[in-house]
Amino acid sequence: MQNSAGSSRKPRGFWVIWSTIALDQIVFAMVLPILPLVATRYGASALTVTALVSVFALSQFLISPLAGALSDRIGRKPIVIVSLLGSALGSLILGLAGSLPMLFVGRAVDGLSGTAIVSAQAAITDLTEPRQRARYLGLLGTAFAAGFVIGPALTSITSRVDERLPFFIAAALGLANALAAVFRFPETHERATSGSTVNEDTSPLAPFRHAGAIGSSAWFYIAILAAALFAFASIEGGTFTLLAAERGGFDESSIAMVFVWVGLLLAVVQGGAVGPLNNYLGTRRTTGAALLVATAGFALLAAADTRTLIVGAISLAAISQGALRPTLTAAVTNAAPDEMRGRAIGAQASAQGLVRIVGPLFAGLLYTVIGPSAPFIAAAAISAATLGVVVLTPKRWAQTMGATRH
């Protein structure tokens, strides 16, 4: 591990990892805006479109434990390269697809390959001391934000030529990223040996069956993050877009601009605020503050009936997510044994995968059966309950090493 806690110098290889993930997220985000429209050309219903989105999360859930374990055994770099190649192939299949089933195939391939971030996060923890991890995982999070700003913008431009062109450009970018990673992505795992094989249980349920391997503390932080993401699924799952259109009169263009704004907020929070917050408040208080902001944002969103209130509410939700993800990911890796960090992040990804499969469906059901406010009232209640758990469990946070205070 490199870089002292007091140094501003980035660990060697950090920006290569960052740029690799940023380009990967650009590829991912290019596909999202246009995919539902292409699916409807083949007669997909709203439910089918939702299933097309969910299959990506399901595929990630199936593969994440194996990817995490392999990154501990054979190193971070090979997993990143294979993932980037698979993502390029998935985008190519989407571009060439001539039927709805082939769209599902392309999305499944992309999901099965979407594990570069697992190894990249593990690589960051290899390079940094425990006190630094929230800061650098936050900086890595800005790669997501950059992707979600640049990707949709590229799609907006290229789709005017042909609606399938974004898929082909995404495939080309993914292939170029994989080739660059072969030469530039650093191998950071000291214990990696190319001759190793994975003999242990790496099924999708393995992290839950063998919970003791990464420790109860790591699972506690995974559960806190999963609850926060379950609440946020009311936005990621599409119900926010429906509410914004119904109550604020947002169209496709203005909705896209809202998500660009969200991406910018994530970049600011993860790139500049997470490290200082963790250093000043500590992991527990940073988590609690973020959950408090989330509760306020979701409650406001449930009542919002103007564009100003809607944008203000989602801004609060975005700020909370920008702080929560790197803070709790750092807590997970700090709590897990050193030789299990990749597996711990893989377990976290599996839990997130389950949330992203079930959460949007839950939010959609509430929206349909009860009304537009219901998903966000539920999200506010979940965030408040999670905050209560954080407040009532101070001893659980004593070894997170995220800051000098807890």
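Values computed for the structure shown
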quantity	calculated
For the chain, fraction of C-alpha pairs farther apart than 39 Å, in %	12 percent
Extension gain from Arg160 to Arg12, taking 0.36 nm per residue of separation minus the Cα-Cα distance	49.2 nm
For the range 214-406, the spread of Cα positions along each principal axis, largest first, Å	50, 31, 28
Unit Cα scatterers, Debye sum, the range 298-358: log10 I(q)/I(0) for q = 0.17, 0.27 Å⁻¹	-0.71, -1.03
Diffusion constant of the range 275-322 at 25 °C, which comes from Stokes-Einstein with the Kirkwood Cα-pair radius and 0.890 mPa s, µm²/s	221 µm²/s
Size of electric dipole in the range 214-406: Cβ of Lys, Arg +1 and of Asp, Glu -1, about Cα centre, debye, nearest 20	640 debye
Kirkwood estimate for the range 11-187, i.e. one over the average of 1/r between Cα atoms, Å	16.4 Å
Calculated FRET value between Glu246 and Val391, using beta carbons and R₀ = 35 Å, to 0.05	0.50
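Bear in mind these aren't lab numbers, they're just calculated from the coordinates by the rules spelled out. Please read these numbers as outputs of a predicted model, since none were measured by experiment. With ideal geometry, Cβ positions are generated from the backbone for all residues, glycine too; neighbour counts draw on all protein chains shown.
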